[in-house]
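Input: a single structure, listed below in structure tokens.
The values are calculated or read from the model by the stated rules, or taken from the named source; none is laboratory data. Since this is a predicted model, take the numbers as computed values, not measurements. In this analysis, Cβ positions are derived from the backbone assuming ideal geometry, glycine residues included, and neighbour counts consider all displayed protein chains. Each accessible area value is taken on the protein alone, full model and side chains, heavy atoms only, with ligands, DNA and RNA left out. Shrake-Rupley method; radii C 1.70, N 1.55, O 1.52, S 1.80 Å.
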Amino acid sequence: MTDPLIRWRERAGDAVLLDGFHALKHALRFGAEVPVAVTTDRKATLALADELAGDLADTLDALLTEVPATAYATLVPRPHPTGVAALAVRPARETNLRALARTPRTAPVVVLDEPRNLGNAGAVIRLAAGFGATGVVTTGTLDPWHPTVVRGGAGLHFATAVERLGVDELPAGPLFALDPEGEDIRGTVLPDDAVLAFGSERSGLSAALRARADHLLALPMRPQVSSYNLATSVAMTLYHWSAFGGAAPAES
């Protein structure tokens, strides 16, 4: 069998880094192709699989190769406490675009407009996967498949469609943008085909996205509190959709 470190170096240039046991677990559960996975302690990792991911025990048993801790440390920028790392094949852009464009949609698309914080983007992708959102789109320069974003998303990029698009390329559907000057979200029913847009952590919505918005909505907030964390805002909005939303109106 080919040395796992050789296979790693052969695939590292175009693959997605899965940093830690939980990222690998989630990626496998949602169909990721994983050509190589390593661990610093195979016995301990398989015990963890028996405890937390019994559905994947046999898959991980066949996939994992033990490597020295010093070798593992050369493969990841920041070694994970579980001592596990893997490489996965990134979904084709065309596949994600088809998922985002599919109609009728049964769940919203989340748009992060020019986000700046990699960890926040990862947390949002994790939230979107948990709520069953159709996908997460970023505009601007942040790469939503950056290793730090994938780490923050716990490998759940493979549970939803994740792509970077221009504002003029956003999926069809009524665009609801979150803004402090908008109408209280509690008076709005969010349809299943909604596109939910959130501004950057520093400057809010870009002029281009604000111009595209069909509706501006505001989250309830106590006076003198300036803002919520980006992931918190997305969580509140997706909860509002899941609890009080509804199917998109039928076309006339």
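Where strands (runs of 3 or more DSSP E) fall entirely within region 22-141, those with at least 3 residues that are buried (at least 17 other Cβ atoms within 10 Å of the Cβ) are at 36-39, 84-89, 109-112, 135-138.
Within the set R98, R202, the sole residue that is of a type in the set (K, R) and either under 10 Å from the mean Cα position of the chain (by Cα) or at pLDDT 95 or above (or both) turns out to be R98.
The criterion of being more than 20 Å from the chain's Cα centre (by Cα), small (G, A, S) and outside any loop (DSSP other than H, G, I, E, B) does not hold for G173.
Report, by residue number, each residue of region 190-234 that is among the small types (G, A, S), assigned to a helix (DSSP H, G or I) and open to solvent by less than 30 Å² (accessible area, probe 1.4 Å).
A231, S233
Quick one: would you say V76 is in contact with a strand residue (DSSP E or B) (Cβ under 6 Å, 6 or more places away or on another chain) and at pLDDT below 95?
yes
Going through region 1-21 one residue at a time, which ones are in a loop (DSSP other than H, G, I, E, B) and either open to solvent by 20 Å² or more (accessible area, probe 1.4 Å) or over 18 Å from R151 (Cβ atoms) (or both)?
Of everything in region 1-21, those that are in a loop (DSSP other than H, G, I, E, B) and either open to solvent by 20 Å² or more (accessible area, probe 1.4 Å) or over 18 Å from R151 (Cβ atoms) (or both) turn out to be M1, T2, D3.
Scanning region 235-252 for residues that are open to solvent by 60 Å² or more (accessible area, probe 1.4 Å), outside any loop (DSSP other than H, G, I, E, B) and at pLDDT below 95 returns a single hit, F244.
Among the conditions (1) part of a loop (DSSP other than H, G, I, E, B); (2) within 17 Å of R78 (Cβ to Cβ); (3) open to solvent by 50 Å² or more (accessible area, probe 1.4 Å), the only one that T148 does not satisfy is (1).
The rows are residues; the columns are (1) farther than 22 Å from A128 by Cβ; (2) touching a Lys or Arg at 6+ places or on another chain (Cβ under 8 Å); (3) among the acidic types (D, E).
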| residue | (1), (2), (3) |
| --- | --- |
| E10 | yes, no, yes |
| V38 | yes, no, no |
| V84 | yes, no, no |
| E114 | no, no, yes |
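The residues listed here are L17, L46, L52; of these, the one that is farther than 13 Å from A159 by Cα, in contact with an Asp or Glu (Cβ under 7 Å, 6 or more places away or on another chain) and of a type in the set (A, V, I, L, M, F, W, C) is L46.
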